[in-house]
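Nothing in this text is a laboratory measurement; each read-out follows from the coordinates by a stated rule. Every value quoted in this text rests on a predicted model; they were computed, and no experiment measured them. Cβ coordinates were reconstructed from backbone atoms using ideal geometry, including for glycine residues, and neighbour counts include every protein chain displayed.
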């Protein structure tokens, strides 16, 4: 379960127990006072522990209200099945691009891009689901799926933002297939006149019908054209931890963008061989995306997929 959700549940319980404690004190209920003081101390200690914790595995809660939801008692099975599939498709697409750097416009998404998120709890209040990444071992660092779900929750929030520029910031995280899945996700919610609340990491945001409508219009009016190509030039900068690169082409054009996991591994491999890739001549394989938002300037986004080969200036 997301830590933020656990924290808010404990805070609600703390407020309730503190009210009971005040009532017990008002009637001088010694037994009640002792019990409630002990419980208050326990809850506060748990809250301190949560503030120190960091989720290293993916965990997200999706709450729904409105048309397909019957109070806190149930949700339409058809809606639940479709919306969870679309959410998982967004995660799969973003994860595949994060790892591989490129994703074909058709066909099955590679297994490296298939999430193992599982429904672990059903939430009440408004009706929803907790999706967790289940593994046999406790990871030492954040898992790739955790990072992907962070990105996806940010994409969903920014797509519905009142500020167009916030939506434009997340477009580099999307490829054509992920954009279609995102569009379908909002289309289903909009069609059923539902609301959405997402709790993930430290994020906790609510999208009403206006926000859902805004997100749907943006995804419907945006297109992404993709092309994979080879480019010659000099590698000016490479930040493996942040997955960023800067490159000057033989035409003296400066390009920059993100890099794939494979490119990072190649970079470290060259370092181990005593080769410093920076300021060297390369042919690199790049995914080029032309993003066309409605009534906005087109934007070109580059992603370095791999180092194809070194080349000689005189060749």
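What percent does the relative contact order of the chain come to when contacts are Cα pairs within less than 8 Å and at least six residues apart? Intermediate results must be reported in sequence, preceding the final value.
Details: 541 pairs, mean separation 54.6, N = 315.
That works out to 17 percent.
In plain terms, the residue of 118, 140 with the fewest other Cβ atoms within 10 Å comes first and the most crowded comes last, giving 140, 118. Volume per residue of the convex hull around the Cα atoms, evaluated for region 193-246, comes out as 154 Å³. For the residues 93, 274, 74, a GNM of the chain with alpha-carbon springs under 10 Å puts the largest fluctuation on 274.
Rank these for me by crowding, 275, 156, going from fewest to most other beta carbons within 10 Å.
Details: 275 11, 156 24.
Lowest count first: 275, 156.
Would you mind computing the Rg to Rh ratio of region 228-315 from its alpha-carbon coordinates, Kirkwood style for Rh?
Details: Rg = 13.6 Å, Rh = 13.5 Å.
Result for region 228-315 is an Rg/Rh of 1.01.
Largest GNM mean-square fluctuation across 159, 123, 219, computed for the chain with C-alpha springs under 10 Å, falls on 123.
Calculate for the chain the 222 nm mean residue ellipticity that helices alone would give, adding -39,500 (n - 2.57) per DSSP H run of length 4 or more and normalising by residue count, nearest 500 deg cm²/dmol.
Numbers: 8 runs with 134 residues, N = 315.
Computed ellipticity for the chain at 222 nm equals -14000 deg cm²/dmol.
Take region 3-52, drop everything but the C-alpha atoms, weight them equally and run the Debye formula without solvent; then report log10 I(q)/I(0) at 0.14, 0.16, 0.20, 0.31 Å⁻¹ to two decimals. Cα-only, vacuum Debye calculation for region 3-52: -0.36, -0.46, -0.64, -1.08. By the beta-carbon count within 10 Å of each Cβ, the least crowded to most crowded order of 270, 302, fewest first, is 270, 302. Computed over region 59-221, relative contact order equals 32 percent, with contacts defined as Cα pairs under 8 Å that lie 6+ residues apart.
Relative to one another, the C-alpha centroids of region 136-154 and region 267-298 are positioned 24 Å apart. Per q in 0.10, 0.13, 0.16 1/Å, what log10 I(q)/I(0) does a Debye calculation on the alpha-carbon atoms of the chain return? Cα-only, vacuum Debye calculation for the chain: -0.69, -1.01, -1.31.
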